[in-house]
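For reference, the structure discussed in these notes is given below.
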Amino acid sequence: MLTHDVLIIGAGGSGLRAALEATTNGVDTAIVSKLHPLRSHTVAAAGGINAALAEGDSWEGHMEDTVKGSDYLADQDSVEFLCREAASALIELEHFGTIFNRDEKGKMASRPFGGHGLPRAYFAGDRTGLAILQTNYEQVLKNNVHVYIEWQALSLAVVGDQCVGVIAIDLATGELHAIRSKAVILATGPAGQIYAKTTNALSCTGDGISLAYRAGTPLKDMEFVQFHPTSLWGPNVLITEAARGEGGILLNNKEERFMEKYAPKMKDMAARDVVSRAIQTEINEGRGFEGGYVHLKVNQLGSDYLRERLPEVIEFSADFAGVDATKELIPIEPAQHYVMGGIAVTLDCSTSIRGLYAAGECTCMSLHGANRLGGNALLELQVFGKKAGANAAEYAKKCPSPEFPLQTLSNVENQNREMLSRQDGERPNRIRHDLQSTMTNNVGIYRSAEGLSEAIKNILELKKRYRQVYVQDSGKVFNTDLTMTIELGFMLDLAEVIAVGALARTESRGGHSRIDYPDRDDKKWLVHTIARYSPDGPKLEKEDVRITGLKPAIRSY
Ligand SMILES: Cc1cc2nc3c(=O)[nH]c(=O)nc-3n(C[C@H](O)[C@H](O)[C@H](O)COP(=O)(O)OP(=O)(O)OC[C@H]3O[C@@H](n4cnc5c(N)ncnc54)[C@H](O)[C@@H]3O)c2cc1C
């Protein structure tokens, strides 16, 4: 049987950084990734990665902005660790070979990002994620990590309260494999595909979050979903916040700079939840353009500057909207962008299952609370990827070689066989489409008891339809019909947890806006939502927020 000490699921920024740390700690390390590492969603990250490196800045300032941005829901000990580690994480990336932009003095250049008091987003043009992912991958290649490329994990193997490996499918052959490992790190990234309008790649289906949930690990704060203010109207390709950081402004159909109304001080650079709500309100009240969009104006920055700092904004606008951003206005609308919630982890990246660790967007380290500030996600990958790798390696060193429950392999074999044996039924793409529209329509920027109840009813109905889903392709080689159907099962789980959590939370905080409960309610809801799997749907509990010094205050920008 394939056997390793530490097995990482996912080869995005968090998985690669975890692998590097585990292998340099002297344990046999491998990665399983359904995509080639360089196709992980981290590659799409554009605008920047944060650290308080500039003169006059401090980790305390970064922490204050992050906690305020989170609408006071973030666990402050987690945020403190992130912000204290940020400077060394960036310098480490530089030493690995990440090519960051420079300022006139030759130092790493930074740009302003929404909700930050000072410019502290460091960047490589508007391709920061690509630069970081490539350097992390180079380090992994250099350091002897085996990567199972285009292998997809379909189940965790858990004995009692201990994780001992995974079952994965080799996509090129269709073969199922058991991989035994003393420690497993989930680094499977985002889940944005549950929404119709999302900036996330097709592969962002929340697999790891669902695998952990089904195995009994609680999920935390799943109702908090981030909607990015500026995606291209229609295809929802992201137009990075750096476009506003560099001086871009939002205009409605009267050519008014409407953000002055909603955030008098920070205007277009307020936190994302604030700007997305403002855009949606302009559209809902008839000050948007027909079809539901407003304009982003960057042409005043000049063509040369735009080409140097924001080449992808120009390219994406031309390729996907037929707009020349150096001359014309860009049509934009908000779209799902990030899930603040995820697998509940402790500060050392462990979960409630022994030997199971997690890092990156699939977790809720509670750094972002109810709303994430731009630039903090890439930082999270470096800081907590490293921590997960180190802790999993330490654990593996002390753990005797576990027995692997072969029953898990036959269970997955049987599930797949059953799915493939159906001769007719409903095709998965229809269920996927209906799920995505119900989430965008009813669990979006503005929510209400009525809409959320409707969403839950629809999701339960979709789960019923899913039980009879029909996979047409019975082939072995790259059977994406089968794997996308399995992913749909993961997505249905997560959509349910998000909608049930959102209905229960009768307040508005950060990215969760209830029109029927418009105010933040610290008395009742300054708590995390914990969701546990049960066959009848998620069971919710509350958990205290860890507040170490920053008292909840009124949040205005
Ligand atoms: C368009 C866009 C722009 C962004 N820009 C920024 C930015 O400028 N700054 C910032 O801080 N943040 C940004 N973010 C957020 C940030 O990029 C993500 O949160 C982060 O990159 C996620 O990294 P990850 O390692 O958790 O996951 P990913 O990079 O998505 O990697 C997930 C990995 O898991 C693997 N995987 C998933 N499921 C399975 C499975 N079942 N079996 C095996 N492998 C699996 C995939 O193959 C992949 O390798 C942006 C996000 C998007 C979508």
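Structure notes:
- For the chain, the longest principal axis of the C-alpha atoms and the axis of helix 311-321 are separated by about 80°.
- Normalised by the number of residues in segment 229-334, the average gap of Cα pairs under 8 Å and 6 or more apart makes the relative contact order 37 percent.
- Cα centroid separation, segment 218-240 to segment 489-521 (Å): 14
- Rounded to the nearest 20 debye, the dipole magnitude of segment 229-334 is 400 debye, with +1 charges on Lys and Arg beta carbons, -1 on Asp and Glu beta carbons, and the Cα centre as origin.
- Cβ-based charge dipole, the chain, positive-most Cα from 293, 48, 469: 469
- Those trypsin sites (Lys or Arg not before Pro) in segment 307-345 that DSSP places in a loop and that have at most 15 other beta carbons within 10 Å: 327
- The smallest convex shape that holds all Cα atoms of segment 407-527, its convex hull, gives 121 Å³ per residue.
- Helix axis angle, 406-421 relative to the chain longest principal axis, alpha carbon, degrees: 70
- Relative contact order %, segment 100-200, counting alpha carbon pairs below 8 Å whose residues are six or more apart: 13
- Calculated [θ] (222 nm, deg cm²/dmol) that DSSP helices of n ≥ 4 give over the chain, each run adding -39,500 (n - 2.57): -12000 deg cm²/dmol
- Listed residue pairs exceeding 25 Å between alpha carbons, taken from 386/542; 68/542; 34/197; 457/523: 386/542; 457/523
- Its residues counted as N, segment 229-334 yields a C-alpha radius of gyration over 2.2 N^0.38 Å of 0.97.
- Antiparallel %, DSSP beta bridges [both residues in the chain], to 5: 65
- With Cα atoms defining each centre, segment 77-134 and segment 378-398 are spaced 20 Å apart in the structure.
- Each peptide in 370-377, 540-547, 429-436 gets a packing score, the mean of other Cβ atoms within 10 Å over its residues, and the list from highest to lowest is 370-377, 429-436, 540-547.
- The GluC sites (Glu not before Pro) found in segment 1-90 that occupy coil by DSSP, while having at most 13 further C-beta atoms within 10 Å, are 55.
- In degrees, nearest ten, helix 428-442 long axis to first principal axis of the chain (Cα): 40
- Selection from 131, 147, 452, by position along the positive dipole direction of the chain (Cβ): 452
- As a rough guide to protection, the peptides 254-260, 153-159, 47-53 ranked by mean Cβ packing within 10 Å, highest first, stand as 47-53, 153-159, 254-260.
Throughout, read-outs are computed from the coordinates displayed, never taken from laboratory work. Being a predicted model, the structure only gives us computed values, none of them experimental. Neighbour counts run over all protein chains shown; Cβ positions are idealised from the backbone, glycine included.
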